[in-house]
Amino acid sequence: MVRLGQHPEPRHTIAHISDTHFLDGARPLYGALSSETTLQRALAQLEGSGLDIEAIVFTGDLADLGETDAYQRLRSIVDPVAERLGAQIVWVMGNHDEREPFAEHMLGAEPSTAPQDAVYDVGGLRIIALDSTVPGYHHGEISAEQLDWLRDVLAEPAPHGTLLALHHPPIPSPVELMAILELQDQPALAEVLRATDVIGILGGHLHYSTHSTFAGIPVAVAAATCYTMDVLAPVGSLSGVDGGQSVHLTQVYDDRVVHSIVPIGSPPQVSGFGDRVLERLAQLSPEERREAFSNKKSVWKLPPED
């Protein structure tokens, strides 16, 4: 494929999805939302894009109540899509998940109440799933034992760097009530991450898309696929709404990571070009392409259709 700009193709393209909140028997969430339908739309969009998606990372709250059927239904929807894409699946624990059924049904492991931490190799890119949950609570914590484990894992750099995926993002929120449920003792995590090969942190939990930095590392939070949080609701309130659902594309380059928000749904197209335009532009030299597509007076002077 001819690259039309100055940047090369990304080394890795990752789909980042969060907060599916499935319920047993496909029951509607809050009696109003079909978590399954929205996720299926998102996966269909990813699959229809034609992008080489190497992994799908789910940053927690896979099930709303930790029910066995919810996990099994989620796997039944995601596994076939991942297989067709040739993509690894990275499951991360969230505060609505329960460790024992998560271990059994999402990781195929023995049921366990221990933190569900794991390391994945995606063609040289390391993805660490870090369990930030506290059994019986909704806020986040990472134990001293987990931090020691993480320090040991990061002691040896990965060929293409590391993405850290956890449910509770270590960043502030404009939704004040979420501060009660944030990740505790964030400086301890920062100390472990500084001067390592971690190039990005992926999170969920907040139910809206946002970006920040932590210990000098870019942080990208994917909005939920079930419902989102109204960030501009009156101060002191908490308002979940059926709108603005999205997923992220995380693309890793040699010198940077790019996170793109992909809204879920099929809004009407009001302008655009078909793929034939790209094919025609690829026939031109870089200078000719710029003249054909950038010059306001000659934008339509493209090679004729066959």
Does region 130-171 come out rounded, prolate or oblate by the C-alpha gyration tensor, with a ≥ b ≥ c the root eigenvalues, rounded set by a/c under 1.5 and, if not, prolate when a/b is larger than b/c and oblate if not?
oblate
Expected sort for 159-172, 239-252 on mean C-beta neighbours within 10 Å, highest first, is 159-172, 239-252
Cα centroids of region 102-143 and region 1-42: how far apart, whole angstrom?
20
Using alpha carbon centroids, what distance separates region 244-290 and region 47-69, in Å?
22
With a 1.4 Å probe and all protein chains left in place, how much accessible area per residue does region 161-261 have, in Å²?
40
Using 0.36 nm per residue of separation minus the Cα-Cα distance, give me the extension gain between residue 109 and residue 52 in nm, one decimal.
17.7 nm
Fraction of accessible area attributable to carbon and sulfur, the chain (%, probe 1.4 Å):
52
Taking R0 as 30 Å and r as the Cβ-Cβ distance between residue 279 and residue 211, the FRET efficiency 1/(1 + (r/R0)^6), rounded to the nearest 0.05, comes to 0.35
Just the number please: accessible area per residue for region 1-101, 1.4 Å probe, all protein chains included, in Å².
43
Packing-based order for 273-283, 195-205, using average beta carbon neighbours within 10 Å, highest first
195-205, 273-283
As a check on your grasp of the helix formula, calculate [θ] at 222 nm for the chain: sum -39500 (n - 2.57) over DSSP H runs of n ≥ 4, divide by the residue count, round to the nearest 500.
-7500 deg cm²/dmol
For Cα extents along the principal axes in Å, one of (i) 64, 47, 42; (ii) 57, 57, 33; (iii) 60, 43, 39 was computed from the structure I shared and the rest are decoys. Which label?
(i)
Scan the chain and note any complete DSSP helix (H) whose C-alpha atoms cover at least 27 Å along its axis and whose Kyte-Doolittle average is 1.0 or more.
none
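Given R₀ = 30 Å, FRET efficiency for residue 179-residue 261 by Cβ-Cβ distance, to 0.05?
It comes to 0.80.
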Pull out a ≥ b ≥ c, the square roots of the eigenvalues of the alpha-carbon gyration tensor of region 252-300, then state rounded if a/c is under 1.5, prolate if not and a/b is larger than b/c, and oblate in the remaining case.
oblate
Please give the FRET efficiency for residue 11 paired with residue 119, using the beta carbon to beta carbon distance and R0 = 25 Å, rounded to the nearest 0.05.
0.85
Students often check this: by mean Cβ neighbours within 10 Å, which of 111-123, 219-231, 19-31 ranks highest, and how do the rest follow?
219-231, 19-31, 111-123
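The values are calculated or read from the model by the stated rules, or taken from the named source; none is laboratory data. What you are looking at is a predicted structure, and each value in this text was computed from that prediction instead of being measured. Cβ: placed from backbone, ideal geometry, glycine included. Neighbour counts: every protein chain shown. Protein only, heavy atoms only, side chains kept; ligands, DNA and RNA dropped before computing areas. Shrake-Rupley method; radii C 1.70, N 1.55, O 1.52, S 1.80 Å.
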